[in-house]
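The values are calculated or read from the model by the stated rules, or taken from the named source; none is laboratory data. For clarity, every value in this text was computed on a predicted model and none was experimentally measured. A quick note on method: Cβ atoms are made from the backbone with ideal geometry, for glycine too, and the neighbour counts reach across all protein chains shown. Heavy atoms of the whole protein, side chains included, go into the accessibility calculation; ligands, DNA and RNA do not. Shrake-Rupley method; radii C 1.70, N 1.55, O 1.52, S 1.80 Å.
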Amino acid sequence: MNIKSVLQTLIPPLSINYNTAETNEAAYKEEFASDYLGNFLPRCLEVLDGQFLLGPVPRILDIGCGLGPMAFAYAALREAVRPLQSNVSNELGYVGIDIRTDAIAWLRQAYHQRPECLFHLHEAAKSADYVGNFGADRKNTATTWAQSDGTECDFRLPVSFTADLQWSSSFFTHLTPQAVEHALAFVASSLSPHGRAVNTWLIVDAHSCLALASGAADRQLPVDAGQYLTYSRENPLVCTAYKLPFIMEAHARAGLQIVSIERGHWRGGQTRNLFGHYQDVIVSRKI
């Protein structure tokens, strides 16, 4: 079974995907969600293994779902585990949240025959959206907050949903400190007792400070905004690299315990994590 051919209608058109630099349609379709199928979701299943994974398909809460690569991987997992199940339930098992109207509208249409998936549009001020508008050269033109009241991350789902796995990729790297606090509180309130939260960050610690200072890191972050570093004063949310003490304190305030930190190859050198993600990955659970 070629899973991508089975699920090809769930691949968004290249023309609407604001998160890719690919220009070739065929290559784009081949690569879409490949990291999720080959690395991210398999590693999440390893994190959930044993006593923490109650069934073959975990209930997933995807914050900042974009155009649905994790939703695609979830649909692929459901197809793949059919030999393990006499029947596959249509019970809600995946919830994706995003502030992009265009993304949520496309996903709702694409998944309209899959009641196990729900996509929630969270209304937030334009100053919380780091993507903004792109010109012909695809340069970002957004102007965003450096600080906020955090309500852009007060997610209110239309259904009751408890997740075995909460996931986000490059979500906490685009938030104000206040939004981080609100988002982590939501994560804690949404996890099942055995669940795990898996979120990617750019963490400012001794290792990454050396990488930044030596030029080994894949970026420069010259603007110190207090709890985080960034490279744009006008659009600070284009990249928020949080300092480790703040991250640890924010998790504790939210009622989350950090289980592990896997550092990513944005730091340069031989640094790699088991997720194959270029950002740092924090795994946490409810206290």
Assign one of three labels to region 132-263, namely rounded, prolate or oblate, based on the Cα gyration tensor with a ≥ b ≥ c the square roots of its eigenvalues; rounded applies when a/c is under 1.5, prolate when it is not and a/b is larger than b/c, and oblate otherwise. oblate
Starting at the first residue of region 64-71, write each ³J(HN,Hα) from the Karplus equation 6.51 cos²θ - 1.76 cosθ + 1.60 with θ = phi - 60°, in whole Hz, x for Gly and Pro. x, 6, x, 9, x, x, 6, 4
For Ser260 the rounded accessible area (nearest 10 Å², probe 1.4 Å, non-protein molecules ignored) is 40
How much of the accessible area of the chain, probe 1.4 Å, is carbon plus sulfur, in whole percent? 51
Using helices alone, what [θ] at 222 nm do you get for the chain, with -39,500 (n - 2.57) per DSSP H run of 4 or more residues, divided over all residues and rounded to the nearest 500? -7500 deg cm²/dmol
Grab the Cα-Cα distance for Glu79 and Thr23, subtract it from 0.36 nm times how many residues apart they are, and report the gain in nm with one decimal. 17.2 nm
By the Kirkwood definition, with r running over pairs of different Cα atoms, region 1-113 has a hydrodynamic radius in Å of 15.0
Pairwise over distinct Cα atoms, reciprocal of the mean inverse distance: report the Kirkwood radius of the chain in Å, one decimal place. 19.5
For Ile203, the residues 5 or more places away or on another chain with a placed amide H closer than 5 Å to its own amide H are Asp280
On a 0 to 90 degree scale, rounded to 10, what angle separates helix 177-190 from the longest Cα axis of the chain? 30
For the Gln270, Thr143 Cβ pair and Förster radius 51 Å, calculated FRET efficiency rounded to 0.05 is 0.85
Going by average Cβ neighbours within 10 Å, how do the peptides 241-249, 59-67, 71-79 rank, with the highest at the top? 59-67, 71-79, 241-249
Per residue solvent-accessible surface (Å²) - the chain, probe of 1.4 Å: 46
For the pair Val159/Arg253, report the inter-label distance in nm, with labels modelled 7 Å from Cα in the Cβ direction. 3.2
